[in-house]
Amino acid sequence: MVENMLAARGIIVSHQTIRLWAEKFGRQFANTIRSRSAGRHGDKWHLDEAVIITIRGKKYWLWRAVDQDGFVLDVLVQSRRDTKAVKRLMRKLLKGQASAPRVMITDKLRSYGAAKREVMPSVEHRSHKGLNNRAENSHQPIRQRERIMKRFKSARNLQRFVSIHDPIANLFRIPRHDIPSEHYRELRATAMQTWRRIAHLQAA
């Protein structure tokens with residue numbers, strides 16, 4: 001898409017060049033957005049590992065945590081689906097969010113309970129597949145990107161992509177429930193202004 005947009009303006013670049021731009025500048029943008037939103041997300045965490053990504057014949061699980069408003073807290077690519085993998089995710093979340101949640105919601109995988117007792121023993125844990133739709137639905141954009149990119153080349157490539165994609169997507173993720181259209185447009189405009197400051201863009 002970027003290649004076509006630039007071509008329409010008379011700027012010819014290769015797809016590889018755009019990929020290198022994304023790797024060079026995307027992480028900086030994502031880190032800036034992440035630092036701005038630290039501690040501002042909800043206190044109810046939805047954890048999920050439902051998505052399996054096959055890379056060169058090997059299966060990887062995409063562990064994801066989102067809050068009650070659908071904002072992605074963190075994503076971790078792992079080749080394991082056990083207690084050790086859950087503990088690694090939880091520790092990464094606590095480090096990034098700087099505080100434990102009030103409630104943690106997961107599916108029926110027993111590894112969640114075992115890891116929680118060791119890492120976050122005081123947090124309320126609700127284990128119910130039907131309550132965790134928010135985390136499961138948050139995987140859909142990654143699936144769409146996977147089809148467009150014709151699969152990921154490596155686990156490192158996948159981790160790099162989600163680490164950049166999700167914080168930037170969070171900036172423009174505005175919950176539509178119970179929000180008047182006028183207020184939604186204001187929030188959208190604020191998000192665009194924030195993006196211009198982060199990306200050092202001049203307002204048109």
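The values are calculated or read from the model by the stated rules, or taken from the named source; none is laboratory data. Just so it is clear, the structure is predicted and the values come from calculations on it, not from any experiment. Don't worry about glycine lacking a Cβ; one is built from the backbone with ideal geometry, like all the others, and counts go over all protein chains shown.
Only one of these is over 19 Å from Val162 (Cα atoms) and out of contact with any strand residue (DSSP E or B) (no Cβ under 7 Å at 6 or more places or on another chain): Arg110, Arg91. Name it. Step through it out loud before you land on a result.
Numbers: Arg91 fails: over 19 Å from Val162 (Cα atoms).
Residue meeting the stated conditions: Arg110.
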_strands (runs of 3 or more DSSP E) lying entirely in segment 22-112 (those with 1 or more residues that are basic (Lys, Arg) and closer than 23 Å to Ser127 by Cβ)_ = 44-55, 58-67
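Here is a yes/no grid of residues against (1) assigned to a helix (DSSP H, G or I); (2) modelled with pLDDT of 85 or more:
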residue: His125; (1), (2): no, yes
residue: Arg134; (1), (2): yes, no
residue: Arg143; (1), (2): yes, no
residue: Arg147; (1), (2): yes, no
residue: Ile179; (1), (2): no, no
residue: Tyr184; (1), (2): yes, no
residue: Ala189; (1), (2): yes, yes
residue: Ala204; (1), (2): no, no
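On the given criteria, is Arg91 crowded, with 22+ Cβ neighbours inside 10 Å and of a type in the set (D, E, K, R)?
Working: crowded, with 22+ Cβ neighbours inside 10 Å: no; of a type in the set (D, E, K, R): yes.
Judged against the criteria, Arg91 is not a match.
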*asked:* Which count do you get for residues in segment 4-56 that are surrounded by fewer than 12 Cβ atoms within 10 Å (Cβ to Cβ), free of Cβ contacts under 8 Å to residues at least 24 places away in the same chain and of a type in the set (D, E, K, R)?
replied: 3
_Cβ pairs under 7 Å, 6+ apart, first in segment 69-88 and surrounded by fewer than 18 Cβ atoms within 10 Å (Cβ to Cβ), second in a loop (DSSP other than H, G, I, E, B) and of a type in the set (Gly, Ala, Ser)_ = Asp69/Gly42; Gly70/Ser138
